[in-house]
Structures are given as C-alpha cells and as structure tokens.
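Novice: Input: one structure, supplied below.
The values are calculated or read from the model by the stated rules, or taken from the named source; none is laboratory data. A quick note: this is a predicted structure, and the numbers were derived from the prediction, not measured. Cβ placement follows ideal geometry from the backbone for every residue including glycine, while neighbour counts extend to all protein chains displayed. These accessible areas exclude ligands, DNA and RNA; they are computed on the full protein's heavy atoms, side chains included. Shrake-Rupley method; radii C 1.70, N 1.55, O 1.52, S 1.80 Å.
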Amino acid sequence: MHASPSTSPLRSLESLVLIGANLVPLIGVIVLGWDPWALLVIYWIEAFSTVLLGVRKILFDERDSPDVVGQIEPLHELREKRGGWCPRPGWPPIYPRNVPFGLSMLGTWALSVVPPSALYWLSVDRSIVLSINLLLGIGALVFAHGAEFMIGYLGRREYTNVSARELLRTPAQLTLIVIIGL
C-alpha cells in the first residue's frame, strides 16, 4: 500500500520552498553573475545532504521493507530486530532493522560518488572559493530539505506510510545523476 501524495496547502508550501531553494543558485549564476563552478559545488552538496537526510528518514520508517536477496547489506542481522529507541520526546522511534538500509546508502555514496568526484575536482584547474554566494546557495538548499524533514516527515508523520526501501529511491536517483554528471 502506497500513500497518496498530499495536496494540503502546507505540502504545497513545502514544495514551493524546495523549488525556490533550488532556484537560488541557478538565478545567482544566470542573473547575479555567480561563478558557474559554484553551481556544481552547491548541487553536489545538495545531493550529499539529501543522502544524509534520506538515511535519517530511513531510521524512523515504521513499515517493514522486503529482505535483500543474498543478505549483502551491512549489519543485515539487524533486519530481524524488532522494537525501537526514541531519540527525543515526541519523536518516533528509530528502528534498528532500518540501519542496514541507511548504511547501504552511505556506502554506495562513499564508494561510487566520492572517489570519481574527488578525481574530477583534483583534475580540473578550478579552486573552490568559500564566498557568501556559495554559502547562501548551500544554506538555502540545506534549510529547505531540513524544513521538509521536520515539518513534513516528522510533523505530518509521513514515516508511518513509507518503507526504508521506498525512501532510498530519491537519494539513489540523485546519486546516479551526480555520477552521470561527472
């Protein structure tokens, strides 16, 4: 059973904030003359923060995910654990059975995105200069994703309607885009 997308005004506002945050760096490059290299850096950091937030979301998922064939995920023994641990009052529990999915996503990113990214960044003759523009673009995107996590995922209890496997879809797609973009 899949949850149908919410059409509430709050969900629409969340979507507008995410779209606006993604437009900040693009408008900065096109209109304000930001260095186009900054756009690549900002979106790479956004992809990484999306993976980290995806892993965080995975830990709270109440629905069980199907087993991985061959048990190749790290700490696959935790998939058999039941129960959870509440990190903060009022928050949902973190389920140990979801830890292998989170570690798999981090491992995939660390093995398939970080090495080619590092090689690419070391091979081009460009340096990353920390500027207010770069911080503004990164801050807008990280804030938008963090707000979506707090308001949508925890606030509207979206963690009750998805499984860890379903949540891996977006970070996995962003990982693929980053790899292809290199």
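Novice: Determine which member of the set LEU167, LEU141, LEU103, LEU111 is of a type outside the set (Val, Ile, Thr) and closer than 22 Å to TRP37 by Cα.
Specialist: That would be LEU141, the only listed residue that is of a type outside the set (Val, Ile, Thr) and closer than 22 Å to TRP37 by Cα.
Novice: Does GLU14 fit the bill of being at pLDDT below 80 and open to solvent by less than 30 Å² (accessible area, probe 1.4 Å)?
Specialist: So GLU14 passes the test.
Novice: Taking the condition touching a residue at least 40 places away in the same chain (Cβ under 8 Å), surrounded by 14 or more Cβ atoms within 10 Å (Cβ to Cβ) and over 15 Å from the mean Cα position of the chain (by Cα), does ILE128 pass?
Specialist: no
Novice: If you go through the stretch 152-170 one residue at a time, do you hit one that is open to solvent by 40 Å² or more (accessible area, probe 1.4 Å), hydrophobic (A, V, I, L, M, F, W, C) and out of contact with any helix residue (DSSP H, G or I) (no Cβ under 6 Å at 6 or more places or on another chain)?
Specialist: Within the stretch 152-170, not a single residue is open to solvent by 40 Å² or more (accessible area, probe 1.4 Å), hydrophobic (A, V, I, L, M, F, W, C) and out of contact with any helix residue (DSSP H, G or I) (no Cβ under 6 Å at 6 or more places or on another chain).
Novice: Right, something else. Does the stretch 45-86 hold any residues that are touching a Phe, Trp or Tyr at 6+ places or on another chain (Cβ under 9 Å), open to solvent by less than 60 Å² (accessible area, probe 1.4 Å), at pLDDT 65 or above and on the phi < 0 side of the Ramachandran plot, and which are they?
Specialist: Of everything in the stretch 45-86, those that are touching a Phe, Trp or Tyr at 6+ places or on another chain (Cβ under 9 Å), open to solvent by less than 60 Å² (accessible area, probe 1.4 Å), at pLDDT 65 or above and on the phi < 0 side of the Ramachandran plot turn out to be ALA47, VAL51, LEU53, VAL55, LYS57, ILE58, LEU59, PHE60, ASP61, GLY84.
Novice: Also, I was wondering about something else. Does PRO100 satisfy being surrounded by 12 or more Cβ atoms within 10 Å (Cβ to Cβ), in contact with a Phe, Trp or Tyr (Cβ under 6 Å, 6 or more places away or on another chain) and modelled with pLDDT of 75 or more? So that I can check it myself, show each step before the final result.
Specialist: Working: surrounded by 12 or more Cβ atoms within 10 Å (Cβ to Cβ): yes; in contact with a Phe, Trp or Tyr (Cβ under 6 Å, 6 or more places away or on another chain): no; modelled with pLDDT of 75 or more: yes.
So PRO100 fails the test.
Novice: Here is a follow-up. Run SER117 past the list (1) open to solvent by 30 Å² or more (accessible area, probe 1.4 Å); (2) at pLDDT below 85; (3) hydroxyl-bearing (Ser, Thr, Tyr) and report the number of the one that doesn't hold.
Specialist: Answer for SER117: the failing condition is (1).
Novice: Taking VAL55, is it farther than 18 Å from LEU168 by Cα and not polar (S, T, N, Q)?
Specialist: The answer is no for VAL55.
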